[in-house]
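The values are calculated or read from the model by the stated rules, or taken from the named source; none is laboratory data. As the structure is a computational prediction, the values presented were derived from the model and not from experiment. Using ideal geometry, Cβ is built from the backbone for each residue, glycine included, and neighbour counts are taken over all protein chains shown.
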Amino acid sequence: MNIPFLSLKDVNGRYMEEIQRAAAGALDSGWYLQGKENAGFEEAYGSYIGSGHCVGVANGLDALTLILRAYLELGALRPGDEVIVPANTYIATILAVSENGLKPVLVEPDIRTYQIDEKKLEAAVSARTKAVMIVHLYGKCAYTETIGRICRERGLLLIEDNAQAHGCMYRGRRTGSLGNAAGHSFYPGKNLGALGDAGAVTTDDALLADTVRSIANYGSWKKYIFQYKGRNSRMDEIQAAVLSVKLKYLEEDNDRRIHIAGIYMDKITHPDIILPPAGEGKDYVCHIFPVRTKERDALQAYLQECGIQTMIHYPVPPHRQMAYAEWQEMEFPVSEEIHATELSLPMGPAMRDEEAEYVADVLNRWKNG
Ligand SMILES: *Cc1c(COP(=O)(O)O)cnc(C)c1O
C-alpha cells in the first residue's frame with residue numbers, strides 16, 4: 001500500500017463538482033475582489049467561530065501580522081513591547097511579531113502536550129509584556145483557564161494563532177473566539193483549506209476589525225483617503241467561494257480526522273513510540289498526528305520503505321534558524337527535544353480506515369519485522 005502524508009487531490013476531489021460550480025460562479029460574476037463571496041464567507045466563518053467580526057485577508061501570516069499592526073495603530077501596543085509566543089511554533093507566528101517591531105519572547109512547551117507551558121508563560125511575563133500569542137499547534141487547543149487568568153490579571157492581549165485548528169473547541173466555545181483576536185490560515189493543507197492562499201482575522205472588537213480591514217486595504221477607510229501606511233492583503237472571490245463550500249463540510253472532515261486519530265491511538269502499541277495525548281471531545285481536531293521516538297530519522301526511513309509518507313513538524317526550531325541568528329545562544333531544551341524526535345503520521349479527512357490500520361501495523365513491526 002502507498003500512503004501519502006496528505007493527498008489534497010483526494011481531499012478536494014470529494015467535493016470537486018460543488019467547488020467547481022462555486023468557483024465558476026465567482027468567475028462568471030465579473031467581480032474578483034471584495035465582493036459578495038468574500039462578504040458571504042466572512043459572515044459564515046465568523047458565525048461558525050462565534051466571533052462578532054471576521055475579515056478575510058490574503059493568508060495566515062498576514063492575519064497575525066495585521067492584528068498586531070492594528071493594535072499598534074490603536075495604541076494598545078507600542079514598538080518594542082514584548083509578545084510571548086511558544087518556542088516550538090511554526091515560524092509565521094514569530095515573524096508576525098518581529099515584522100511589527102515587537103519583541104518575540106519564546107516560552108517552552110509542555111513535553112506531554114506540545115502546547116505552551118502555562119507556568120513558564122507566567123514566569124516570562126515582564127513589565128514590557130503586552131500580549132500573549134497562543135498557538136493551537138497540531139489542531140489541539142492551547143488555551144487554558146490559567147492562561148486566560150494570567151492575561152486578564154496582567155492586562156495582556158490574548159491573540160490566538162488558529163491556523164491549524166479550525167473547528168477546535170474549548171468547553172463549548174471555538175478556538176479563534178477565546179481571546180481578543182485570532183488569525184486563521186486557509187493554506188491548502190490546513191483543516192479548512194483553500195485552493196491557494198487565504199486567511200482571516202476574527203474578533204469581537206469592532207474597532208479592531210475595522211482597523212485590520214483598513215490596513216489590509218492600503219490603510220484606507222474610504223476610497224483614495226489613507227489613514228495608515230497600509231498594505232494590500234485581501235482574500236479573492238474565487239478562494240472565498242471555494243472556502244464557503246468547504247466550510248459546510250469542515251465539521252464532518254474534522255470528525256473523520258478524529259476517527260483516524262482514534263485508530264492510531266488504539267492500534268499503535270510499539271514501546272518506543274510516544275503517542276500524543278488523547279483529545280477530549282473536539283479539543284483536538286487532528287491537523288497533525290505527532291508521534292515521538294528517539295530514532296526518529298530511522299523510523300521515517302523505515303516507513304518510507306514501506307510506502308508510508310511522513311513529515312516532521314518541524315525539523316529545526318525557530319531559535320536555531322538563520323533568520324533569527326541573534327537567538328543562536330538561547331536554549332530551549334524541551335522544544336529542541338520535540339524537534340529532534342517528532343514525526344507526523346499520514347492524516348486527513350480522505351484517509352480510509354484500512355490505511356490508518358496499515359500504518360499502525362507497519363509501525364508496530366518496526367525493529368522486529
Ligand atoms: C500555516 C500556519 C501559519 C501561516 O499561514 P499561511 O496562510 O501559510 O501564511 C501561521 N501559523 C501556523 C501555526 C501555521 O501552521
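Among the residues of region 145-188, those that are hydroxyl-bearing (Ser, Thr, Tyr) and within 11 Å of the ligand (Cβ to nearest atom) comprise 185, 187. Suppose the filter is of a type outside the set (Asp, Glu), farther than 24 Å from residue 248 by Cβ and within 17 Å of the chain's Cα centre (by Cα); does residue 135 pass it? Considered against the rule, which asks whether it is of a type outside the set (Asp, Glu), farther than 24 Å from residue 248 by Cβ and within 17 Å of the chain's Cα centre (by Cα), residue 135 comes out as yes. Give region 331-369 a look and list any residue that's in a helix (DSSP H, G or I), under 17 Å from residue 253 (Cα atoms) and touching a strand residue (DSSP E or B) at 6+ places or on another chain (Cβ under 7 Å), or say none. Answer for region 331-369, where residues must be in a helix (DSSP H, G or I), under 17 Å from residue 253 (Cα atoms) and touching a strand residue (DSSP E or B) at 6+ places or on another chain (Cβ under 7 Å): just 355. When region 51-92 is filtered for residues that are within 13 Å of residue 161 (Cβ to Cβ) and either part of a strand (DSSP E or B) or of a type in the set (Val, Ile, Thr) (or both), the ones remaining, listed by number, are 65, 67, 83, 84, 85, 86, 89, 91. Is it the case, given these coordinates, that residue 100 is more than 26 Å from residue 283 (Cβ to Cβ), of a type outside the set (Val, Ile, Thr), touching a helix residue (DSSP H, G or I) at 6+ places or on another chain (Cβ under 6 Å) and touching a residue at least 24 places away in the same chain (Cβ under 8 Å)? The answer is yes for residue 100. Summed over region 138-150, residues that are over 21 Å from the mean Cα position of the chain (by Cα) and either crowded, with 17+ Cβ neighbours inside 10 Å or among the basic types (Lys, Arg) (or both) total 2.
Of the residues making up region 93-104, those that are within 10 Å of the ligand (Cβ to nearest atom) and either crowded, with 23+ Cβ neighbours inside 10 Å or not in a helix (DSSP H, G or I) (or both) are 93, 94, 96. Residue count for region 236-273 under the criterion of being touching a residue at least 60 places away in the same chain (Cβ under 8 Å), in contact with a strand residue (DSSP E or B) (Cβ under 8 Å, 6 or more places away or on another chain) and either farther than 19 Å from residue 18 by Cβ or not aliphatic (A, V, I, L, M) (or both): the result is 7.
Checked across region 154-174, the condition of being among the acidic types (Asp, Glu) and farther than 16 Å from residue 41 by Cα holds for at least one residue. Run down 94, 67, 150, 84 and say which single residue is among the hydrophobic types (A, V, I, L, M, F, W, C), touching a strand residue (DSSP E or B) at 6+ places or on another chain (Cβ under 6 Å) and more than 19 Å from residue 319 (Cβ to Cβ). Result: 67 is the single residue among 94, 67, 150, 84 that is among the hydrophobic types (A, V, I, L, M, F, W, C), touching a strand residue (DSSP E or B) at 6+ places or on another chain (Cβ under 6 Å) and more than 19 Å from residue 319 (Cβ to Cβ). One residue alone among 32, 114, 90 is surrounded by fewer than 19 Cβ atoms within 10 Å (Cβ to Cβ) and either modelled with pLDDT of 95 or more or farther than 24 Å from residue 170 by Cα (or both), and that residue is 32.
Going by the conditions given, is residue 107 in contact with a Leu (Cβ under 7 Å, 6 or more places away or on another chain), without any contact (Cβ under 8 Å) to a residue 40 or more places away in the chain, within 12 Å of the ligand (Cβ to nearest atom) and not charged (D, E, K, R)? No.
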